[in-house]
Amino acid sequence: MIALLFGLFASAMGLAWYNRLTVAYVVFGATLLVSVYWFKFHATSVLTIQL
């Protein structure tokens, strides 16, 4: 999942580099939404560590 987020941020930067700003903003916003969801999932999930 981290690799997916990194790839999406990198693609947004690449799109912005090639002046595809509208698409870059959409990809960047979607990536932010996915990263907030991922953070909330990890912050609120129960740890299942069995020692």
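The values are calculated or read from the model by the stated rules, or taken from the named source; none is laboratory data. Please read all numbers here as calculations on a predicted model, not as lab measurements. Note: areas computed on protein heavy atoms with side chains; ligands, DNA, RNA excluded. Shrake-Rupley method; radii C 1.70, N 1.55, O 1.52, S 1.80 Å.
For the chain, the solvent-accessible area with a 1.4 angstrom probe is 88 square angstrom per residue. Heavy-atom surface analysis with a 1.4 Å probe gives the chain a carbon and sulfur content of 75 percent of its accessible area.
An ellipsoid equivalent to region 2-51, defined through the eigenvalues of its Cα gyration tensor, has semi-axes of 31, 11, 4 Å when rounded to whole angstrom and sorted largest first.
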